[in-house]
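Following: one structure in structure tokens, then a few remarks.
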Amino acid sequence: MALLPHAMFQAQLSEGRLVRPFDTEVTTGRYWITRLSNKEPTTAVAAFEAWICKAAL
């Protein structure tokens with residue numbers, strides 16, 4: 001799963017190789033991390049979140 005500008009993958013979307021399940025758009029220069037709110041993240045997910053947030057700064 002990825003949350004990226006759809007223009008980057010327009011060909012794959014048009015060909016049906018990727019599916020855009022929501023109309024949500026990503027604004028350039030912003031990052032989003034999503035996960036289930038009713039479940040504690042695994043150690044791996046927590047480590048990834050920490051790493052990606054640190055790398056983005």
Legend entry - Dimensions in Å of the chain - Rg and Dmax from alpha carbons: 13.9, 36
Inset, instruction - Per DSSP H run of n ≥ 4, the term is -39500 (n - 2.57); total these for the chain, divide by its residue number, and report the mean residue ellipticity at 222 nm rounded to 500 deg cm²/dmol. - result: -10500 deg cm²/dmol
Legend entry - 0 to 90° range, to nearest 10: angle between helix 43-56 axis and the chain longest Cα axis: 70
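Just so you know, all these numbers are worked out from the coordinates, no wet-lab data involved. These numbers come from a predicted model, not from an experiment.
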